[in-house]
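S.K.: Questions regarding the structure given below will be posed in turn.
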Amino acid sequence: MLPSDGATRLRRTHPRKGEASQDMKIGIIGAGNIGGNLTRRLTALGHDVSVANSRGPRTLTALAEETGATPVTVAEAARGAEVVVVTIPVRAVPDLPSGLLDGAADDVAVIDTGNYYPRQRDGRIAAIEDEGLTESRWTERQIGHPVIKAFNGTFAQDILERPRPAGDPERMALPVAGDDEAAKRRVRDLIDELGFDTVDAGGIDDSWRQQPGTPVYGLRAGVDAVTKALAEASPERTADFRA
């Protein structure tokens, strides 16, 4: 959600029990605040990260030199990937290349970090406004693949500055929604490896509970508070997030 500076990175040689395996191949589409900081953390944890943006690999030289990630085109970002992170403006999702995930692993988990900001950025999307689709269900339809909604309410600097070991009373929890239980488990394990707890927020049709304007959006808190915030959410989209 917000940029970060002066951050401390964590590095660990071996994952704990239940964490995602080291050396996963991960593709990140979008190198803004969230995408850039995920690139920093995931490479530091030993994963093989390819990163792409709309402006092309040459604009990612500095990030690649800093992290060791491989800059690629958007069309190449998912090639061989076990996890793909789509972290671009919602309005740009329909412009992603056709067959984007064709070269990915058969059981690829796709993380959608997106938020619909109709007034501030994205314009009106009828399927969200009129049909009542959740933002991530709409994204699924655009890319033709199930997604796991995560990181959409996370401040970008927290990815770098707020990781904590399991059991730490200050460890934050992130809501995670999705229909594919195996993919959701992989994403939750990856988030655990990054230093955060998770709360299962249900399926993608339930992911309105973590959209902008809900109690959990931007909440920096642990499992109990995140669980409570999800339960208190209203399906009515607030005026600030309607066109």
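S.K.: Yes or no: Ala182 over 13 Å from the mean Cα position of the chain (by Cα), part of a helix (DSSP H, G or I), surrounded by fewer than 21 Cβ atoms within 10 Å (Cβ to Cβ) and modelled with pLDDT of 95 or more?
M.R.: Working: over 13 Å from the mean Cα position of the chain (by Cα): yes; part of a helix (DSSP H, G or I): yes; surrounded by fewer than 21 Cβ atoms within 10 Å (Cβ to Cβ): yes; modelled with pLDDT of 95 or more: yes.
Yes: the conditions hold for Ala182.
S.K.: Pick from segment 130-143 the residues that are open to solvent by less than 30 Å² (accessible area, probe 1.4 Å) and in contact with a Ser or Thr (Cβ under 8 Å, 6 or more places away or on another chain): which of them is farthest from Ala239 (Cα to Cα)?
M.R.: Taking the candidates together, the pick is Ser136.
S.K.: Further, regarding this structure: Taking the condition farther than 24 Å from Gln120 by Cβ and either outside any loop (DSSP other than H, G, I, E, B) or at pLDDT below 95 (or both), does Ile159 pass?
M.R.: no
S.K.: Considering only residues of segment 75-92 that are hydrophobic (A, V, I, L, M, F, W, C) and open to solvent by 10 Å² or more (accessible area, probe 1.4 Å), which is nearest to the chain's Cα centre (by Cα)?
M.R.: The extreme case among them is Ile88.
S.K.: Being of a type in the set (Ser, Thr, Tyr) and over 28 Å from Glu129 (Cα atoms) is the requirement here; does Thr238 meet it?
M.R.: no
S.K.: Run Ala243 past the list (1) open to solvent by 60 Å² or more (accessible area, probe 1.4 Å); (2) free of Cβ contacts under 8 Å to residues at least 60 places away in the same chain and report the number of the one that doesn't hold.
M.R.: Against the list (1) open to solvent by 60 Å² or more (accessible area, probe 1.4 Å); (2) free of Cβ contacts under 8 Å to residues at least 60 places away in the same chain, Ala243 comes up short only on (2).
S.K.: Write out, first by first residue and then by second, each pair whose Cβ atoms fall under 7 Å of each other, whose residues are 6+ apart or on separate chains, and whose first residue, in segment 89-108, is under 14 Å from His145 (Cβ atoms) while the second is of a type in the set (Ser, Thr, Tyr).
M.R.: Taking only residues 6 or more apart or on different chains, the pairs are Val93/Thr139.
S.K.: Can you name the number of the only condition in (1) within 21 Å of Ala109 (Cβ to Cβ); (2) assigned to a helix (DSSP H, G or I); (3) free of Cβ contacts under 8 Å to residues at least 40 places away in the same chain that Asp224 fails?
M.R.: Failed condition: (1).
S.K.: Going by the conditions given, is Ile159 among the β-branched types (Val, Ile, Thr), open to solvent by less than 10 Å² (accessible area, probe 1.4 Å) and within 17 Å of Asp205 (Cβ to Cβ)? Walk me through it before giving the result.
M.R.: Details: among the β-branched types (Val, Ile, Thr): yes; open to solvent by less than 10 Å² (accessible area, probe 1.4 Å): yes; within 17 Å of Asp205 (Cβ to Cβ): no.
Spelling it out, it is not the case that Ile159 is among the β-branched types (Val, Ile, Thr), open to solvent by less than 10 Å² (accessible area, probe 1.4 Å) and within 17 Å of Asp205 (Cβ to Cβ).
Every residue, every condition in (1) in a loop (DSSP other than H, G, I, E, B); (2) closer than 22 Å to Val199 by Cα; (3) open to solvent by 30 Å² or more (accessible area, probe 1.4 Å), yes or no:
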residue	(1), (2), (3)
Pro94	no, no, yes
Pro97	yes, no, yes
Leu100	yes, no, no
Asn115	yes, yes, no
Ile128	no, no, no
His145	yes, no, yes
Phe151	yes, yes, no
Arg164	yes, yes, yes
Leu174	no, yes, no
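The values are calculated or read from the model by the stated rules, or taken from the named source; none is laboratory data. As the structure is a prediction and not an experimental result, all values here were calculated from the model. Cβ: placed from backbone, ideal geometry, glycine included. Neighbour counts: every protein chain shown. To get the accessible areas, we keep the full protein, side chains included, count just its heavy atoms, and leave off ligands, DNA and RNA. Shrake-Rupley method; radii C 1.70, N 1.55, O 1.52, S 1.80 Å.
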